[in-house]
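Enquirer: Quick one: the structure is below, and I'll ask about it shortly.
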Amino acid sequence: MRVKYIDYIKCIAILCVILVHLCGRYRFVTTTEAQYMGAFALAWIVRIGVPLFFMCTGALFLHIRELDIKKLFRKNIPKLVVCLILYSFIYSAFLKRGLILDNQMGVISFIKETVKEILKMEGASSLWYMYAIICVYLMIPIYRVIVDNASKRLIEYYLLMSLLASVMLMFLNIPRLSILAGWTNNLKYIWMFCGYSIYIVGGAYIAKYDIPRKVRYVIYAMAVISLTFVELSKDQLVAHPAVGEYNINDYLSPLTMVYAIAVFIFIKECCAMKSEESRLYPAVKFISRNTLGIYLIHSMLVDILEIKLPLNGNIFVVIPVHFVIVLILTVIIVFILKKIPFVGKWVV
């Protein structure tokens, strides 16, 4: 069963993912502060791709579709595991191509290193999402029981507590906002209240219940504020946060949460108001059906294109050009792979 607003959200989400990866690479090669800030601003606007995917997963598996546990564990999760292993080897071969071609790394060593990277989650950076979504799928049956049996008020309480926990974390971790820094450092473990489940449950909640107009407007206003609130922590803008350092535009930041929730609600409401099908919908539907394949393949194309066609230049020219090329090539590759019997069902 196709749900129009979910197709639009998934399509927008994968476009955002491609753009955010391009912006991340552009920020590494920029030479002026204006270019860097421009790339940061664009990256922040399109940062919601992954959260939207999580919300769509929650909406589909916890409310819209009937949950088929056998299919979940016999097809959905095994496919994700196969894709994780396969693309880990593909990306590893791409990253180590110099060592392999120079005969500095043999086949056995390559396999051992790649398996070690998979087990330690140290492979290609874009594959982190595969670990996260596999964990989410494993928890889907439990989430489903909770959402089906919990009252509306109880779900709202959980979402509110998760959001408040993320707000507390932000104020504790950002120097210019840390008015609560005098509290015990053990409060950093407040993250245990949140996690990506806020997106999973939030997506199901929005799909299941109508959001009152006044509440929608409040959420939209908060989303606009979140887009400007980043300015209060300029030290986050001038350099990439170190590993383990709090990032104000992280997926678990309350700013990202509110922004993603607002976009999800807005697209759902827009689709509800417009009953007729757009001429673009067939393309949107194709992209929506193949977001996993596009996600898995696009990152390598971004890397290859960066080598063949450097990202140096005007941000308003370079990023759109790279974006269109990557999107077209990725869609063509996914389309071809889909046509291969058996293979297409498991690799894209």
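Enquirer: For the chain, return all DSSP H helices satisfying: extent of Cα atoms along own axis at least 30 Å; mean Kyte-Doolittle hydropathy at least -0.5.
Expert: Taking the DSSP H segments of the chain (at least 30 Å long, mean hydropathy at least -0.5), we get 4-29, 128-149, 152-173, 315-338.
Enquirer: Given the stretch 117-158 reduced to its alpha-carbon atoms as identical point scatterers, what log10 I(q)/I(0) does the Debye formula return at q = 0.19, 0.23, 0.29, 0.32 Å⁻¹?
Expert: Scattering profile of the stretch 117-158, log10 relative to I(0): -0.66, -0.76, -0.95, -1.03.
Enquirer: For the chain, set up a GNM with springs between Cα atoms under 10 Å and report which of MET170, MET121, MET300 has the largest fluctuation.
Expert: Answer for the Gaussian network model of the chain: MET121.
Enquirer: Please report how far the C-alpha centroid of the stretch 54-104 lies from that of the stretch 321-348, rounded to the nearest whole angstrom.
Expert: Here the answer is 15 Å between Cα centres.
Enquirer: With 29 Å as the limit, write out which pairs from LYS71/LYS214; LYS4/LYS120; LYS71/LYS338 have Cα-Cα distances beyond it, or answer none.
Expert: LYS71/LYS214; LYS4/LYS120
Enquirer: Same structure, new question: Would the stretch 268-348 count as rounded, prolate or oblate if I go by the C-alpha gyration tensor, calling it rounded below 1.5 in a/c and otherwise prolate when a/b exceeds b/c, oblate otherwise?
Expert: It comes out oblate by the Cα gyration axes.
Enquirer: Follow-up. Just check the stretch 296-340 against the gyration tensor rule for me: Cα atoms, a ≥ b ≥ c as the square roots of the eigenvalues, rounded for a/c under 1.5, and otherwise prolate or oblate depending on whether a/b exceeds b/c.
Expert: prolate
Enquirer: Could you tell me the largest-minus-smallest coordinate of the C-alpha atoms of the stretch 1-153 on each of the three principal axes, in descending order and whole angstroms?
Expert: The Cα atoms of the stretch 1-153 stretch 59, 46, 26 Å along the principal axes, largest first.
Enquirer: Measuring from the lowest to the highest alpha carbon on each principal axis, how far does the chain reach, largest first, in angstroms?
Expert: Computed over the Cα atoms, the extents are 61, 48, 43 Å.
Enquirer: Taking only DSSP H segments of four or more residues, each worth -39500 (n - 2.57), what value at 222 nm results for the chain once the sum is divided by all its residues, to the nearest 500 deg cm²/dmol?
Expert: After summing the helix terms and dividing by the residues of the chain, the value is -22500 deg cm²/dmol.
Enquirer: Using a 1.4 Å probe, how large is the accessible area of HIS21, given in Å² and rounded to the nearest 10?
Expert: Roughly 40 Å² of HIS21 is accessible to a 1.4 Å probe.
Enquirer: Can you bin the stretch 33-116 into rounded, prolate or oblate? Criterion: square roots of the alpha carbon gyration tensor eigenvalues sorted a ≥ b ≥ c, rounded for a/c under 1.5, prolate for a/b above b/c, oblate for the rest.
Expert: oblate
The values are calculated or read from the model by the stated rules, or taken from the named source; none is laboratory data. In this text the structure is predicted, and so the values were computed from the model without any measurement. Note: areas computed on protein heavy atoms with side chains; ligands, DNA, RNA excluded. Shrake-Rupley method; radii C 1.70, N 1.55, O 1.52, S 1.80 Å.
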